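Reviewing the structure listed below.
The values are calculated or read from the model by the stated rules, or taken from the named source; none is laboratory data. No experiment lies behind these values; they were computed from the predicted model shown. Every residue, glycine among them, receives a Cβ derived from its backbone with ideal geometry; neighbour counts consider all protein chains shown. Just the protein is used for accessible areas: all its heavy atoms, side chains included, with ligands, DNA and RNA removed. Shrake-Rupley method; radii C 1.70, N 1.55, O 1.52, S 1.80 Å.
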Amino acid sequence: MTATPPIAAASILSADFSRLGEELAIVDPERDWVHCDIMDHRFVPNLTFGPLIVAATRKLTRAWVDVHLMVERPWLMVDGFRAAGADSISVHLEAAPQTREVLRQIRATGAKAGLAVKPGTPVAAFAPYLPDLDILLVMTVEPGFGGQSFMSEMLDKVTAARAEREKKQLRFVIEVDGGITELTARTARTAGADVFVAGNSVFKAPDTRAALAGLRAAIAG
Ligand code: DX5
Ligand code: ZN
(Lines give C-alpha, C1' and ligand atoms only; values in the text may rest on other atoms or scores of the structure.)
(Ligands and ions follow the chains in the order given, each with its own letter.)
Protein backbone atom coordinates (compact mmCIF):
# COMPACT_ATOMS: atom_id res chain seq x y z
CA MET A 1 0.00 0.00 0.00
CA THR A 2 1.30 3.45 -0.89
CA ALA A 3 0.44 5.20 2.37
CA THR A 4 1.04 3.95 5.90
CA PRO A 5 -1.66 4.06 8.59
CA PRO A 6 -3.30 6.11 9.93
CA ILE A 7 -4.83 6.93 6.55
CA ALA A 8 -7.65 9.30 5.59
CA ALA A 9 -9.80 7.92 2.76
CA ALA A 10 -11.88 10.53 0.93
CA SER A 11 -15.19 9.02 -0.20
CA ILE A 12 -16.24 10.43 -3.56
CA LEU A 13 -19.86 9.46 -2.89
CA SER A 14 -20.22 12.96 -1.42
CA ALA A 15 -18.16 14.72 -4.11
CA ASP A 16 -19.46 16.86 -6.97
CA PHE A 17 -19.07 14.53 -9.96
CA SER A 18 -19.40 17.40 -12.43
CA ARG A 19 -16.00 18.55 -11.20
CA LEU A 20 -14.44 15.32 -9.99
CA GLY A 21 -10.93 16.35 -11.05
CA GLU A 22 -10.98 19.46 -8.88
CA GLU A 23 -12.53 17.54 -6.01
CA LEU A 24 -9.80 14.90 -6.16
CA ALA A 25 -7.03 17.50 -6.27
CA ILE A 26 -7.19 17.82 -2.46
CA VAL A 27 -6.12 14.19 -2.07
CA ASP A 28 -2.43 13.64 -1.31
CA PRO A 29 -1.41 10.47 -3.17
CA GLU A 30 1.42 9.81 -0.72
CA ARG A 31 -0.82 9.93 2.33
CA ASP A 32 -4.52 9.49 1.47
CA TRP A 33 -6.78 6.97 -0.20
CA VAL A 34 -9.76 7.59 -2.46
CA HIS A 35 -12.79 5.49 -1.49
CA CYS A 36 -15.36 4.46 -4.12
CA ASP A 37 -18.78 3.24 -2.99
CA ILE A 38 -20.42 0.86 -5.43
CA MET A 39 -24.13 0.28 -4.75
CA ASP A 40 -26.44 -1.85 -6.86
CA HIS A 41 -29.95 -1.01 -5.60
CA ARG A 42 -30.18 -4.62 -4.38
CA PHE A 43 -27.74 -5.22 -1.56
CA VAL A 44 -28.52 -1.64 -0.48
CA PRO A 45 -31.41 0.59 -1.59
CA ASN A 46 -29.16 3.15 -3.27
CA LEU A 47 -27.61 3.01 -6.75
CA THR A 48 -24.29 4.69 -7.47
CA PHE A 49 -21.68 4.10 -10.15
CA GLY A 50 -19.61 1.42 -11.79
CA PRO A 51 -16.17 0.79 -13.30
CA LEU A 52 -16.38 3.79 -15.67
CA ILE A 53 -16.19 6.25 -12.76
CA VAL A 54 -13.50 4.20 -11.05
CA ALA A 55 -11.48 4.32 -14.28
CA ALA A 56 -11.95 8.10 -14.42
CA THR A 57 -10.85 8.37 -10.79
CA ARG A 58 -7.79 6.28 -11.60
CA LYS A 59 -6.84 8.78 -14.31
CA LEU A 60 -7.41 11.78 -12.04
CA THR A 61 -5.23 10.75 -9.09
CA ARG A 62 -2.19 8.68 -8.25
CA ALA A 63 -3.69 7.90 -4.83
CA TRP A 64 -4.70 4.43 -3.69
CA VAL A 65 -8.15 3.63 -5.10
CA ASP A 66 -10.18 1.68 -2.54
CA VAL A 67 -13.35 0.10 -3.93
CA HIS A 68 -16.17 -0.85 -1.54
CA LEU A 69 -18.65 -3.19 -3.21
CA MET A 70 -22.12 -2.96 -1.67
CA VAL A 71 -23.59 -5.32 -4.23
CA GLU A 72 -25.09 -8.76 -4.50
CA ARG A 73 -22.93 -11.42 -6.16
CA PRO A 74 -19.78 -9.28 -5.85
CA TRP A 75 -17.59 -11.99 -7.41
CA LEU A 76 -19.07 -11.11 -10.79
CA MET A 77 -17.71 -7.56 -10.54
CA VAL A 78 -14.24 -8.06 -9.06
CA ASP A 79 -12.39 -8.37 -12.36
CA GLY A 80 -14.14 -5.36 -13.89
CA PHE A 81 -13.24 -3.06 -11.00
CA ARG A 82 -9.66 -4.31 -10.94
CA ALA A 83 -9.39 -3.62 -14.66
CA ALA A 84 -10.76 -0.13 -13.99
CA GLY A 85 -7.83 0.51 -11.65
CA ALA A 86 -8.91 -0.47 -8.13
CA ASP A 87 -5.96 -1.04 -5.78
CA SER A 88 -8.12 -2.71 -3.13
CA ILE A 89 -11.54 -4.28 -3.37
CA SER A 90 -13.78 -5.03 -0.40
CA VAL A 91 -16.82 -7.29 -0.57
CA HIS A 92 -19.50 -7.62 2.07
CA LEU A 93 -19.47 -10.79 4.16
CA GLU A 94 -23.27 -10.72 4.04
CA ALA A 95 -23.16 -10.88 0.22
CA ALA A 96 -20.36 -13.42 -0.16
CA PRO A 97 -21.19 -16.83 1.29
CA GLN A 98 -18.11 -18.32 -0.43
CA THR A 99 -16.04 -15.79 1.43
CA ARG A 100 -12.57 -17.33 1.15
CA GLU A 101 -13.06 -17.99 -2.53
CA VAL A 102 -13.95 -14.35 -3.29
CA LEU A 103 -11.03 -13.09 -1.24
CA ARG A 104 -8.73 -15.39 -3.20
CA GLN A 105 -10.28 -14.16 -6.44
CA ILE A 106 -9.56 -10.55 -5.49
CA ARG A 107 -5.94 -11.37 -4.59
CA ALA A 108 -5.49 -13.26 -7.84
CA THR A 109 -6.19 -10.04 -9.75
CA GLY A 110 -3.32 -8.36 -7.91
CA ALA A 111 -5.58 -6.16 -5.77
CA LYS A 112 -5.62 -6.14 -1.97
CA ALA A 113 -8.59 -8.03 -0.53
CA GLY A 114 -11.03 -6.54 1.94
CA LEU A 115 -14.03 -7.83 3.85
CA ALA A 116 -16.76 -5.39 4.86
CA VAL A 117 -19.25 -6.02 7.67
CA LYS A 118 -22.60 -4.38 8.31
CA PRO A 119 -23.44 -3.08 11.79
CA GLY A 120 -25.56 -6.16 12.58
CA THR A 121 -22.77 -8.64 11.78
CA PRO A 122 -20.99 -9.80 14.94
CA VAL A 123 -17.29 -10.37 15.53
CA ALA A 124 -17.78 -14.15 15.63
CA ALA A 125 -19.03 -14.07 12.01
CA PHE A 126 -15.95 -12.37 10.55
CA ALA A 127 -13.22 -13.52 12.97
CA PRO A 128 -12.46 -16.75 11.03
CA TYR A 129 -11.53 -14.71 7.94
CA LEU A 130 -9.12 -12.28 9.56
CA PRO A 131 -6.02 -14.29 8.56
CA ASP A 132 -7.13 -14.04 4.90
CA LEU A 133 -7.57 -10.28 4.85
CA ASP A 134 -5.63 -7.23 3.80
CA ILE A 135 -8.47 -4.97 4.98
CA LEU A 136 -11.31 -5.38 7.48
CA LEU A 137 -13.91 -2.72 6.69
CA VAL A 138 -16.11 -2.07 9.73
CA MET A 139 -19.27 -0.19 8.77
CA THR A 140 -20.07 2.44 11.36
CA VAL A 141 -23.44 3.24 9.71
CA GLU A 142 -25.91 1.05 7.81
CA PRO A 143 -24.43 0.90 4.29
CA GLY A 144 -26.32 2.73 1.59
CA PHE A 145 -26.06 6.47 2.11
CA GLY A 146 -23.59 9.16 3.05
CA GLY A 147 -24.29 11.68 5.77
CA GLN A 148 -25.52 9.33 8.51
CA SER A 149 -24.55 9.42 12.19
CA PHE A 150 -21.62 7.38 13.48
CA MET A 151 -22.55 4.28 15.52
CA SER A 152 -20.04 4.28 18.36
CA GLU A 153 -21.09 0.77 19.46
CA MET A 154 -19.23 -0.52 16.39
CA LEU A 155 -15.93 0.39 18.00
CA ASP A 156 -16.13 -2.81 20.05
CA LYS A 157 -15.58 -4.68 16.77
CA VAL A 158 -12.55 -2.54 16.01
CA THR A 159 -11.10 -3.26 19.44
CA ALA A 160 -11.77 -7.00 19.08
CA ALA A 161 -10.22 -7.13 15.60
CA ARG A 162 -7.20 -5.23 16.80
CA ALA A 163 -6.73 -7.65 19.72
CA GLU A 164 -7.03 -10.64 17.40
CA ARG A 165 -4.50 -9.11 15.02
CA GLU A 166 -2.01 -8.67 17.83
CA LYS A 167 -2.64 -12.11 19.30
CA LYS A 168 -2.25 -13.95 16.00
CA GLN A 169 0.31 -11.60 14.46
CA LEU A 170 -1.92 -10.82 11.48
CA ARG A 171 -1.41 -7.90 9.10
CA PHE A 172 -4.79 -6.61 7.92
CA VAL A 173 -5.65 -2.95 8.34
CA ILE A 174 -8.88 -1.90 10.03
CA GLU A 175 -10.98 0.59 8.09
CA VAL A 176 -13.98 2.43 9.53
CA ASP A 177 -16.65 3.78 7.21
CA GLY A 178 -19.66 5.97 7.93
CA GLY A 179 -20.21 9.14 9.96
CA ILE A 180 -16.50 9.88 10.25
CA THR A 181 -15.69 13.41 11.40
CA GLU A 182 -12.61 14.71 13.19
CA LEU A 183 -14.31 13.86 16.46
CA THR A 184 -15.51 10.32 15.63
CA ALA A 185 -12.24 9.56 13.82
CA ARG A 186 -10.35 10.33 17.01
CA THR A 187 -12.45 7.84 19.00
CA ALA A 188 -12.06 5.23 16.25
CA ARG A 189 -8.31 5.83 16.24
CA THR A 190 -8.21 5.23 19.99
CA ALA A 191 -10.16 1.99 19.49
CA GLY A 192 -7.53 0.84 16.98
CA ALA A 193 -8.72 1.80 13.47
CA ASP A 194 -6.13 2.46 10.74
CA VAL A 195 -8.12 3.85 7.78
CA PHE A 196 -10.86 6.46 8.13
CA VAL A 197 -13.37 6.87 5.31
CA ALA A 198 -15.00 10.29 5.17
CA GLY A 199 -17.55 11.51 2.64
CA ASN A 200 -19.74 14.32 3.91
CA SER A 201 -17.32 15.71 6.47
CA VAL A 202 -14.80 16.32 3.67
CA PHE A 203 -16.70 16.95 0.44
CA LYS A 204 -19.64 18.86 1.90
CA ALA A 205 -17.36 21.12 3.95
CA PRO A 206 -17.04 24.75 2.85
CA ASP A 207 -13.28 24.22 2.46
CA THR A 208 -12.75 20.60 1.42
CA ARG A 209 -8.96 20.86 1.45
CA ALA A 210 -8.96 22.17 5.01
CA ALA A 211 -11.47 19.50 6.05
CA LEU A 212 -9.25 16.70 4.75
CA ALA A 213 -6.22 18.27 6.42
CA GLY A 214 -8.24 18.45 9.66
CA LEU A 215 -9.08 14.76 9.41
CA ARG A 216 -5.42 13.87 8.81
CA ALA A 217 -4.46 15.87 11.88
CA ALA A 218 -7.20 14.27 13.98
CA ILE A 219 -5.94 10.74 13.27
CA ALA A 220 -2.21 11.50 13.38
CA GLY A 221 -0.08 9.80 15.97
C1 DX5 B 1 -21.97 4.37 3.09
C2 DX5 B 1 -20.65 4.34 2.38
C3 DX5 B 1 -19.65 5.34 2.89
C4 DX5 B 1 -20.05 6.78 2.72
C5 DX5 B 1 -19.68 7.47 3.98
O6 DX5 B 1 -22.73 3.27 2.73
O7 DX5 B 1 -20.04 3.07 2.46
O8 DX5 B 1 -18.37 5.13 2.32
O9 DX5 B 1 -19.42 7.44 1.66
O10 DX5 B 1 -20.22 8.73 3.95
P11 DX5 B 1 -20.21 9.69 5.20
O12 DX5 B 1 -18.75 9.95 5.54
O13 DX5 B 1 -20.91 10.91 4.71
O14 DX5 B 1 -20.91 8.99 6.33
ZN1 ZN C 1 -17.85 2.91 1.76
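Considering the convex hull of the alpha carbon atoms of the chain, report its projected area averaged over all viewing directions, in nm², one decimal. Mind showing how you got there, number by number?
Details: hull surface 42.1 nm².
Taking the Cα atoms of the chain, their convex hull projects to 10.5 nm² on average.
With all protein chains present, how much of the accessible area of region 1-50 (probe radius 1.4 Å) comes from carbon and sulfur, to the nearest whole percent?
49
With the full set of protein chains in place, find how many percent of the accessible area of region 119-176 is carbon and sulfur; take the probe as 1.4 Å. Mind dumping the intermediate values first?
Working: 1380 of 2590 Å².
That fraction is 53 percent.
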**Message:** Order 68-77, 195-204, 23-32, 87-96 from most to least packed using the mean count of other Cβ atoms within 10 Å.
**Reply:** 195-204, 87-96, 68-77, 23-32
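Per residue, how much accessible area does region 47-159 have with a 1.4 Å probe, in Å²? Before the final figure, lay out the partial values.
Details: 4700 Å² over 113 residues.
The answer is 42 Å² per residue.
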**Asked** Under unit Cβ charges (Lys, Arg +1; Asp, Glu -1), what dipole magnitude, rounded to 20 debye, does the chain have relative to its Cα centre?
**Response** 420
**Complete:** Other residues with Cβ under 15 Å from the Cβ of residue 198 give, with Lys and Arg +1 and Asp and Glu -1, a net charge of -4
**Asked** Could you name the aspartates and glutamates in cross-link range of residue 157, using Cα to Cα under 12 Å and dropping any fewer than eight places away on the same chain?
**Response** 175
